[in-house]
1. Among residues belonging to the range 54-88 that are of a type in the set (Val, Ile, Thr) and either closer than 16 Å to ALA44 by Cα or surrounded by fewer than 22 Cβ atoms within 10 Å (Cβ to Cβ) (or both), point out the one that is farthest from the chain's Cα centre (by Cα).
2. Please enumerate the residues belonging to the range 69-119 that are of a type outside the set (S, T, N, Q), closer than 30 Å to LYS146 by Cα and not in a helix (DSSP H, G or I).
3. Run ALA206 past the list (1) within 15 Å of the chain's Cα centre (by Cα); (2) open to solvent by 10 Å² or more (accessible area, probe 1.4 Å); (3) farther than 18 Å from VAL60 by Cβ and report the number of the one that doesn't hold.
4. For the range 128-150, how many residues meet the condition of being in contact with a helix residue (DSSP H, G or I) (Cβ under 7 Å, 6 or more places away or on another chain) and open to solvent by 80 Å² or more (accessible area, probe 1.4 Å)?
5. When LEU155 is evaluated against the numbered criteria (1) crowded, with 20+ Cβ neighbours inside 10 Å; (2) more than 15 Å from the chain's Cα centre (by Cα), which criterion, by number, is the only one it fails?
6. Applying the selection to the range 157-175, what residues are among the charged types (D, E, K, R) and assigned to a helix (DSSP H, G or I)?
7. When you go through GLY91, GLY125, GLY169 one by one, which is the residue that is under 30 Å from ASP40 (Cβ atoms), open to solvent by less than 30 Å² (accessible area, probe 1.4 Å), under 17 Å from the mean Cα position of the chain (by Cα) and free of Cβ contacts under 8 Å to residues at least 40 places away in the same chain?
8. In the range 176-196, what residues are farther than 15 Å from GLY162 by Cα and open to solvent by 70 Å² or more (accessible area, probe 1.4 Å)?
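The values are calculated or read from the model by the stated rules, or taken from the named source; none is laboratory data. For clarity, every value in this text was computed on a predicted model and none was experimentally measured. Every residue, glycine among them, receives a Cβ derived from its backbone with ideal geometry; neighbour counts consider all protein chains shown. With ligands, DNA and RNA removed, areas are computed over all heavy atoms of the protein, side chains included. Shrake-Rupley method; radii C 1.70, N 1.55, O 1.52, S 1.80 Å.
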Amino acid sequence: MRRRHTGWAVGAAAVLLVTGGAIAYTAVEDSGGPSTRTPDTRSADAGFARDMAVHHQQAVEMSYIIRDRTENREVRGLAYDIAQTQANQRGMMLGWLDLWGVPKVSAEPPMSWMGMGDAATGKDGALMPGMATHTDLDKLRSLSGKQAEILYLQLMTAHHKGGVHMAEGCVATCEVEAEKRLAQGMVEAQRSEIELMAGMLKERGAQPIS
């Protein structure tokens, strides 16, 4: 696998520039036209944007952790791509919430917009299915080399599976076309990465944990 990445700080700066630009404008066009209703706070569009922003933030956090726990170029390349992509997407979704004038937090449980408000207890930080616990993250920080790589790949596989399920829910129920397209892109990209990570785990004599 050949990847180009010149520095995580540069990528993070680029993300901040992208989030306020053309894609946010597209969301306004899709949601603010004369024949299209702007999503309200209880809509699937707002619920998905809020929940996936939280979900993505943990993926970025895990990817920054593994960056410092391994020297393996393949794992670091994957982590870089995940961190950059999901930080970018998170910025888009938070920007849309601002444009729609709806809160970034809700009193309702995560995934209520999918009818799954009771799907996760939030125990130890796992707010939604697929999310790692605080204990998982502490363990990842304590490992290095091959052991850290395996745990990262296992945690990220489970995280991606939960993310795919949520994104499929948006594809089915969201109304803003730009958001539906983003969600479909998440489904396709994360399924591909799940397959990639399965192969990387197999190379290390391990397998997904869920």
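1. Just the residues of the range 54-88 that are of a type in the set (Val, Ile, Thr), to begin with: 54, 60, 65-66, 70, 75, 82, 85.
Then drop every residue that is not either closer than 16 Å to ALA44 by Cα or surrounded by fewer than 22 Cβ atoms within 10 Å (Cβ to Cβ) (or both), which leaves 54, 60, 65, 70, 85.
Values: VAL54: 8, VAL60: 8, ILE65: 16, THR70: 22, THR85: 8 Å.
Out of the qualifying residues, it is THR70.
2. Initially, the range 69-119 is screened for residues of a type outside the set (S, T, N, Q), giving 69, 71, 73-83, 87, 90-105, 107-111, 113-119.
From what is left, the residues that are closer than 30 Å to LYS146 by Cα are 69, 71, 73-83, 87, 90.
Answer for the range 69-119, where residues must be of a type outside the set (S, T, N, Q), closer than 30 Å to LYS146 by Cα and not in a helix (DSSP H, G or I): ARG69, GLU71.
3. Result: ALA206 fails condition (1) only.
4. Of the residues in the range 128-150, 4 are in contact with a helix residue (DSSP H, G or I) (Cβ under 7 Å, 6 or more places away or on another chain) and open to solvent by 80 Å² or more (accessible area, probe 1.4 Å).
5. Evaluating LEU155 over (1) crowded, with 20+ Cβ neighbours inside 10 Å; (2) more than 15 Å from the chain's Cα centre (by Cα) leaves (2) as the failure.
6. So in the range 157-175, the residues among the charged types (D, E, K, R) come out as 161, 168, 175.
Scanning the range 157-175 gives LYS161, GLU168.
7. On the way: GLY91 fails: free of Cβ contacts under 8 Å to residues at least 40 places away in the same chain; GLY169 fails: free of Cβ contacts under 8 Å to residues at least 40 places away in the same chain.
Going through GLY91, GLY125, GLY169 in turn, the sole match is GLY125.
8. GLU177, ARG181
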